[in-house]
Every structure is written in C-alpha cells, then in structure tokens.
Amino acid sequence: MEWTGARYADRPTVEVRAWVGAPPGRVWELVSDVTLMPAMSDELQSVEWLGGATRPALGARFVGRNKHDSFGEWETTSQVIEYDRERVFAWAVGDTENPSAVWRFRLESKDGGTELSQWMQMGPGRSGLSFAIDAMPDKEQKIVFVRLREFERNMTGVLEHIRKLAEA
C-alpha cells in the first residue's frame with residue numbers, strides 16, 4: 001500500500017483481491033459464514049449471530065469480539081447491508097447510517113474459478129482509532145495509514161485462507 005495522506009474523515013478504503021480455483025458457490029459458503037472468520041484473523045476473536053439469526057440475510061446482526069495489541073479488547077455489533085447470493089456480502093459496523101466501518105466481499109465467476117475481493121472503508125462514524133487520533137491529531141494521517149496497512153495485510157491472509165479452504 002502506498003502513502004495516501006488520507007484522514008479518517010476521508011473515509012479511506014482498502015481492497016485486496018485473489019483468484020480462487022473454486023466455483024462462486026463454494027467460495028460463497030465460506031465468505032458468508034462469519035463464524036468462520038475468527039479462525040482466519042489474528043484480531044477477530046469470536047462472532048455470534050444476534051436476534052435469533054443463524055446465517056446471513058439482509059438486516060441480520062452479529063457481534064464480533066476483537067483483540068489488538070495497541071487497542072486492547074472490544075466488541076462491535078454489525079448489520080448485514082448487502083446480501084446478493086454468490087455475488088456480494090457486506091456489513092456495517094455500528095450504526096448503519098454512520099458506521100465506524102463497512103466491510104464487503106465481492107465474488108465474480110472468472111477463468112473457471114472465482115475472482116474474490118475483500119474491501120473495507122473506515123468511518124465515517126467513530127471507532128477505536130478515533131481515540132488515538134484525538135490523542136495525537138498531528139499524527140492522524142500516519143495513524144490512518146498504519147491501520148490501513150494492517151487491514152491490507154490481514155485481509156490478504158483472510159483471502160489466502162479462504163482460497164485454501166475453497167480449493168481443498
């Protein structure tokens with residue numbers, strides 16, 4: 001990732017892509033099962049569906065528990081905001097009108113397999129990163145950049161994990 005100089009209010013994004021040697025249906029089974037994600041992430045510790053939901057659907061909610069060396073432990077509630085089977089799965093963290101983040105998987109049938117991308121947007125709502133920015137406003141651009149790089153690295157690992165599971 002190259003330096004962008006983005007500030008949190010810019011709603012910076014990061015996206016990672018991978019080709020998976022499996023059909024979209026198989027890849028979809030993995031990306032749409034949020035309970036699998038903790039096994040693929042150093043930060044996400046657990047996920048639990050809320051309100052009687054047991055699988056993704058538009059409007060379904062889940063809680064994620066996270067841990068990070070610099071930020072400590074926290075939990076967030078997310079809501080599924082896009083759900084187009086075998087194509088798009090996205091959720092907003094916190095308030096859907098003013099989320100602290102938006103996460104999205106996109107799938108496209110390509111070359112006998114699946115082109116898979118994971119995308120995320122910071123903000124516009126406040127997040128744990130906001131506290132670090134509040135404490136060091138002169139370092140906001142660096143704080144945002146470092147966190148985006150962390151997301152990029154972690155997302156690359158998630159897609160690799162999904163690829164291996166889907167192709168097995």
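The values are calculated or read from the model by the stated rules, or taken from the named source; none is laboratory data. Computed from a prediction, not measured in an experiment: that's the story for all the values here. Glycine also receives a Cβ, built like all others from the backbone with ideal geometry; neighbour counts cover every protein chain displayed. For the accessible areas, the whole protein counts, side chains as well, though only heavy atoms, and no ligand, DNA or RNA atoms are used. Shrake-Rupley method; radii C 1.70, N 1.55, O 1.52, S 1.80 Å.
Is it true that residue 138 is modelled with pLDDT under 95 and more than 14 Å from the chain's Cα centre (by Cα)? Judged against the criteria, residue 138 is not a match. Among the residues here, residue 148 does not qualify as over 14 Å from residue 6 (Cα atoms), out of contact with any Asp or Glu (no Cβ under 8 Å at 6 or more places or on another chain) and open to solvent by less than 20 Å² (accessible area, probe 1.4 Å). Can you spot a residue in region 31-42 that is open to solvent by 30 Å² or more (accessible area, probe 1.4 Å), over 19 Å from residue 115 (Cα atoms), of a type in the set (S, T, N, Q) and in contact with a strand residue (DSSP E or B) (Cβ under 6 Å, 6 or more places away or on another chain)? Yes; the residues of region 31-42 include at least one that is open to solvent by 30 Å² or more (accessible area, probe 1.4 Å), over 19 Å from residue 115 (Cα atoms), of a type in the set (S, T, N, Q) and in contact with a strand residue (DSSP E or B) (Cβ under 6 Å, 6 or more places away or on another chain).
One residue alone among 125, 112, 64 is at positive phi and not aliphatic (A, V, I, L, M), and that residue is 112.
Scanning region 1-60 for residues that are under 18 Å from residue 155 (Cα atoms), in contact with a helix residue (DSSP H, G or I) (Cβ under 6 Å, 6 or more places away or on another chain), part of a helix (DSSP H, G or I) and at pLDDT 95 or above turns up 27, 30. Sub-8 Å Cβ pairs linking a first residue in region 154-165 that is in contact (Cβ under 8 Å) with a residue 12 or more places away in the chain and surrounded by fewer than 16 Cβ atoms within 10 Å (Cβ to Cβ) to a second residue that is assigned to a helix (DSSP H, G or I) and aliphatic (A, V, I, L, M), at least 6 apart or interchain, are 157/40, ordered by first then second residue.
Rundown of residues vs (1) within 17 Å of residue 14 (Cα to Cα); (2) open to solvent by 60 Å² or more (accessible area, probe 1.4 Å), yes/no style:
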residue: 80; (1), (2): no, no
residue: 87; (1), (2): no, yes
residue: 99; (1), (2): yes, no
residue: 121; (1), (2): yes, no
residue: 133; (1), (2): no, no
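Looking across 148, 129, one residue alone is out of contact with any helix residue (DSSP H, G or I) (no Cβ under 8 Å at 6 or more places or on another chain) and not in a strand (DSSP E or B). It is 148.
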